[in-house]
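Below is one structure, written out as structure tokens; comments come after it.
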């Protein structure tokens, strides 16, 4: 029996923060077909795929008792652990790189990595309720901040630099791009692992659909902002969303908004890393908080290694291994769960 | 390490729980007293004299009424001599009762002209209540005594609270006498649903406390929990409500308070009307109340007395003041030290010019200025009022001005510290917590710039989100978010739209906690 419970709105807020963070950080560093019109279709296809892969969980969750069966599946937990650990390392390395390059260029990377890895443990130890409340508290500021940056970037944009093929697309490339985007999102795993903490299971599918539509609009808005700001030069920009915020200059009032972006992004990443820690502990089914010492040790060591070896990290994060394991988890896990539950029901009969 | 500490605390609280009534458990005022009054008056007097041996303020006045020995027992300074002579001794000596037996009942009903008496068969109740200002009348041959409510000790008159001044609203503040404070509350809520329950806590001080709540509005589980926590207090002496505050907090080690405090009866009544539970302690000119949530630091009783739009505006000003008092010095240190590119060139020039002449780093300058300011403030509070004001002027004008002209401090830093100090007095409920966090933010900004500030903010938020006050999330109604409650939080809507939302038990967080149970 789980004592810490969260509401469905808190679940979707957590997912949305994951989306904002992964999209705002990952966007420039992956092989999205960002330079062409395929990106628009990719976002839409990705949203449809997200909905499809989430649906089995929703069906399982509507029959609450089967959720516990998924939690007891050791093989699934092991795969989820590996997957979440990979995502956590990638998120923290990207965070360190961006922080090191933009916020504290003259500071040792240790001062960036160690505080966030240690302090997020405190939030994880406090439990999912605390993380959810934190997400709920932060989300208005995050949405407001991101919206301000997006809107101002549209006002500030030079539309003459828009690429010619901005509205041309091919289905094959778009599908591939959608898969790649999907592989960078860990929403499905987070959704699955947080379902048992939900208080209410009413209309969770409908709620996810609404969330997906909002997220899709958000993704398109972010891409649009990048398009109108950088045009075809987007591929050469290291941190596009950060650069958008930095480039905004409308009268003397709206300028240098990167501080807003950085503040929100650091707080958002804090929530995401704390959440990942918490979910990792759950997949290991360990009750003692001592496991966090091991998790943070591994995270700090690997983050430091990859931060100092940027080329290795670039190769690793975009490797076929990471892509494959992500796709397998995202597509296979829900259907494996369905099959497992179906078999259990048959055995009972 | 933390688990070890946690286990120690748990063992300690278990030990306390198991100590039972023999160790001096705090009891309801009307619960059982055990030692009966002896029929022999001399035995009773001896018993009391033995207990109060060497207590020079114990006064025993023996009288003989038509052959029956009696004694009026009280403590010096607790009663008015004239009143006791006129209401007790004179009526007794002049009573027309030659052929009647002088029983306690007879004297209570036919002789004494006192509004409030307690007829008790217990000598320990007499001992306890004479220390609270009652006088006792013991009669030879009677197994019961009379407690006479003749308290007339000197106390401060009701005056305006110094710490919670309002431009519009009542000018009454709580005083040190519990009974008067209870009257101030009762006068404002003339309804039978207002319950004022008395308890005594403190094994030696036997301090009276009053629990005030509205039955039917307050959550009875919370009322029960408050009583339970108060009964489990194992202190010998309670001289101020601050002694019991930690026992009402869910988290002892948090820097943020989860118990509210007010010196104004109208504020306490407002809180009680929202379903909160007020606790008044004898000898304390303020009342505490629970549950207390973080957003309440932005509220003031005056918000409800003036037009709603101004009430709303004042809340937003308080929110801004909190942010300024928390972040301004740290942001200045971070921007000027690490992120100069984010500052507009004119401001950057000003900072460079002023800091070029000062010998200290900005972070050291900020810390030093704040420490000096806090010392001046502390000295100003402790010193007699006229000297305190002079001290403030000396501190602000002489030291500040001299430090700048000599070149020890930069002008921008003096302005920032002054602005921060002013803003910190807007949200006084969490002054100490804000002060502590401000120092932490300055240090973090000095080490890691904006990154340090944001990481510390995240840590502070985690702490705030994990706190609860009687199982209600501390950040409620922001997290968990409750839209209906925003009518009296981010905005203060006019009363016709407000009245239905004013109940703390209806907050989203409170509902969630109930659901979980």
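Since every read-out is calculated from the coordinates, none of them should be taken as a lab result. Computed from a prediction, not measured in an experiment: that's the story for all the values here. A quick note on method: Cβ atoms are made from the backbone with ideal geometry, for glycine too, and the neighbour counts reach across all protein chains shown.
So for the range A:115-204, what are the equivalent ellipsoid semi-axes in whole Å, largest first, each being the square root of 5 times an eigenvalue of the Cα gyration tensor?
35, 22, 14
Roughly how tilted is helix B:362-382, in degrees to the nearest 10 and between 0 and 90, from the longest Cα axis of chain B?
With both axes taken from Cα atoms, the answer is about 30 degrees.
To test your reading of the geometry: what angle, between 0 and 90 degrees and rounded to tens, separates the Cα axis of helix B:308-337 from the longest principal axis of chain B?
In chain B, helix B:308-337 runs at an angle near 50 degrees to the longest axis.
Quick one: what does P(r) look like for chain A with 20 Å bins over all Cα pairs, in whole %?
Histogram of Cα-Cα distances, whole percents per bin: 30, 60, 10, 0.
Any chance you could give the angle, 0 to 90 degrees and rounded to 10, that helix A:110-126 forms with the longest Cα principal axis of chain A?
40 degrees
For the range A:282-333, treating each Cα as an identical point scatterer without solvent, what Debye log10 I(q)/I(0) comes out at q = 0.15, 0.21 1/Å?
-0.64, -0.92
Over the Cα atoms of the range B:274-400, how large are the radius of gyration and the largest Cα-Cα distance (Dmax), in Å?
Gyration radius and largest Cα-Cα distance of the range B:274-400: 20.6, 59 Å.
Could you work out Rg/(2.2 N^0.38 Å) for the range B:348-487, with Rg from alpha carbons only?
Scaled against compact globular proteins, the figure is 1.30.
Would you please put B:288-294, B:389-395, A:301-307 in order of how densely packed they are, using the mean number of other Cβ atoms within 10 angstrom per residue and starting with the highest?
For the peptides B:288-294, B:389-395, A:301-307, the packing ranking is B:288-294, A:301-307, B:389-395.
Divide by every residue of chain B the summed helix terms, -39500 (n - 2.57) for each DSSP H run of at least 4, and state the resulting mean residue ellipticity at 222 nm, rounded to the nearest 500 deg cm²/dmol.
The helix-only estimate for chain B comes to -13500 deg cm²/dmol at 222 nm.
Per residue, what volume in Å³ does the Cα convex hull of the range B:42-133 take up?
103 Å³
Please provide three numbers in whole Å: the alpha-carbon extents of the range B:173-247 along the principal axes, with the largest listed first.
Principal axes ranked by extent give 35, 29, 16 Å for the Cα atoms.
Restricting things to alpha carbons, tell me how big the protein assembly as shown is in terms of Rg and Dmax, in Å.
In order Rg, Dmax, the Cα atoms of the protein assembly as shown give 34.1, 121 Å.
Within 10 Å of each Cβ of A:127-137, how many other protein chain Cβ atoms are there on average?
Taking all residues of A:127-137 together, the mean is 6.
Taking the Cα-to-Cβ direction at residue A:235 and at residue B:396 and moving 7 Å from each Cα, how far apart do the two end points lie in nm?
Roughly 6.3 nm, to one decimal.
Within 10 Å of each Cβ in peptide B:482-492, how many partner chain Cβ atoms are there on average? Round it to a whole number, please.
0
So if R0 is 35 Å, what FRET efficiency would residue A:221 and residue B:228 give, r being the distance between their Cβ atoms, rounded to the nearest 0.05?
With R0 = 35 Å, the Cβ-Cβ based efficiency is 0.10.
Viscosity 0.692 mPa s, temperature 37 °C: what is the translational diffusion coefficient of the range B:304-347 from Stokes-Einstein with a Kirkwood Rh over Cα pairs, rounded to a whole number of µm²/s?
Result for D is 260 µm²/s.
In a Debye calculation with equal point scatterers on the alpha-carbon sites of the range B:89-191 and no solvent, what is log10 I(q)/I(0) at q = 0.16, 0.17, 0.20 Å⁻¹?
Per q value, in the given order, log10 I(q)/I(0) is -0.82, -0.87, -1.04.
Given 0.36 nm per residue, what is the gain on full extension from residue B:436 to residue B:49 after removing their alpha carbon distance, in nm?
Extra length from residue B:436 to residue B:49 when fully extended: 134.2 nm.
Please arrange B:57, B:124, B:429 by how many other C-beta atoms lie within 10 Å of their C-beta, fewest to most.
Result, fewest neighbours first: B:57, B:124, B:429.
Which order do the peptides B:163-172, A:256-265, B:446-455 take when ranked by the mean count of other beta-carbon atoms within 10 Å per residue, highest first?
Top to bottom by mean Cβ count within 10 Å: B:446-455, A:256-265, B:163-172.
Which value in deg cm²/dmol, rounded to the nearest 500, describes the helix-derived mean residue ellipticity at 222 nm for chain A, given -39,500 (n - 2.57) per DSSP H run of n ≥ 4 and division by the residue count?
Computed mean residue ellipticity for chain A: -25500 deg cm²/dmol.
Over the whole of B:461-469, what's the average partner chain Cβ count within 10 Å per residue? Rounded to a whole number, please.
6
Once label points are set 7 Å from the Cα along Cα→Cβ at both residue A:170 and residue A:209, what is their separation, rounded to one decimal in nm?
The modelled label-to-label distance comes out at 3.4 nm.
With only alpha-carbon atoms in the gyration tensor, what are the semi-axes of the equivalent ellipsoid for chain B, in Å, largest first?
55, 26, 23
At a Förster distance of 41 Å, what's the computed FRET efficiency of residue B:385 paired with residue B:305, Cβ-Cβ distance as r, to 0.05?
Calculated transfer efficiency: 0.90.
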